[in-house]
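The values are calculated or read from the model by the stated rules, or taken from the named source; none is laboratory data. Please read all numbers here as calculations on a predicted model, not as lab measurements. Accessible surface is based on the protein model in full, side chains and every heavy atom, while ligands, DNA and RNA are left aside. Shrake-Rupley method; radii C 1.70, N 1.55, O 1.52, S 1.80 Å.
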Amino acid sequence: MRLLFAACLLGFSESAVAQSRILNGTPVQPPAFEWMAGLSYSSDPYEHFCGGSLINSEWIVTAAHCVEGETPSSVKLFFKTYYLSNPVSGYFSVDIDTFYIHPDFNDTTYDNDVALIHLLYPITSITPIRLATVAETYLTDAGKDQNIIGWGRLHKWSFGGSDTLMEASVPIVASSVCNGSQSYDGQISANMLCAGFMAGGTDACQGDSGGPLFTTDNNNELVLTGVVSWGEGCGEKNFPGVYTKLQN
Ligand code: ARG
């Protein structure tokens, strides 16, 4: 992951500068989204490198590329931390028991970019977000609004991520559009979802990886539909963000 991040960084400094910010996001107001996890290289949230989502008391969903090359003891998780350098009172960090990378994760195509982290001790003080079921196809229909949150870059040319947890709203883009020759040209597999704007603008960015793509169900409850995975730059015209489709 450290290497990948460095590679991302290099790629960025070369790309053209455009308007951007979680490009175009707004700060998350505590105590919203307390199930949002941060992955850090130490118990200090400031060493954040990815996001994750608590889906029940013992399990976190994140991106495979976030934990690839790591060990359970090299990664810590933190919760209820809205400001990395100045966490709100009540924030805490927890140890990992183990993690499982999807057996078919492909680190070239990023197909099946999902991993499950098992905690050493269950967390009972946080209400998890539920996973979308396979039957709830409407949750990921084209045009269905989703939310993304993370501590990733605010601008594609930023050196580091955001100190403040940011949120933004992005609609699902049909894979037929996202896979078009002007866009990802066939790189979007059935296990991926595109969300964002073909015109560019609002998007996830480096550091948001592993974090949630989520929406509201018919009962107005939050449901996890995807994981921040990859994208061509951040907020680029014709290149919406790419997310792992959890319903698969
Ligand atoms: N791979 C990036 C990371 O490691 C996430 C990129 C998301 N990019 C995007 N344009 N939506 O943080």
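Quick look at the values:
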| item | result |
| --- | --- |
| Fraction in percent of alpha-carbon pairs per bin - 10 Å, segment 24-115 | 16, 47, 29, 7, 0 |
| Extended-chain gain in nm, criterion 0.36 nm per residue less alpha-carbon gap, Ser43 and Phe92 | 16.8 nm |
| Volume of the Cα convex hull of the chain, divided per residue and given in Å³ | 113 Å³ |
| Shape parameters for segment 155-208, alpha-carbon atoms, Rg then Dmax in Å | 12.9, 36 |
| Rounded to whole Å, sorted largest first: equivalent-ellipsoid semi-axes of segment 94-138, Cα gyration tensor | 24, 20, 7 |
| Reachable aspartates and glutamates, given that their alpha-carbon falls under 17 Å from the alpha-carbon of Lys80 and they are not under 8 places away in the same chain | Glu34, Asp44, Glu47, Glu58, Asp95, Asp163, Glu167, Asp208 |
| Viscosity 0.890 mPa s, 25 °C: Kirkwood-radius Stokes-Einstein D of segment 180-236 over Cα pairs, µm²/s | 192 µm²/s |
| Equivalent ellipsoid, segment 57-174 (semi-axes from 5 times Cα gyration tensor eigenvalues, Å) | 24, 21, 18 |
| Debye equation applied to the C-alpha atoms of segment 138-248, log10 I(q)/I(0) at 0.15, 0.24 Å⁻¹ | -0.56, -1.37 |
| Share of carbon and sulfur in the accessible heavy-atom surface of the chain [1.4 Å probe, %] | 53 percent |
| Surface accessible to a 1.4 Å probe, per residue, for the residues of the chain, Å² | 43 Å² |
| ³J(HN,Hα), Karplus 6.51/-1.76/1.60, whole Hz, each residue of segment 38-45, x for Gly, Pro | x, 9, 9, 7, 8, 6, 8, x |
| Full-stretch length increase - Glu58, Ser125 - with 0.36 nm per residue and alpha-carbon distance subtracted | 23.0 nm |
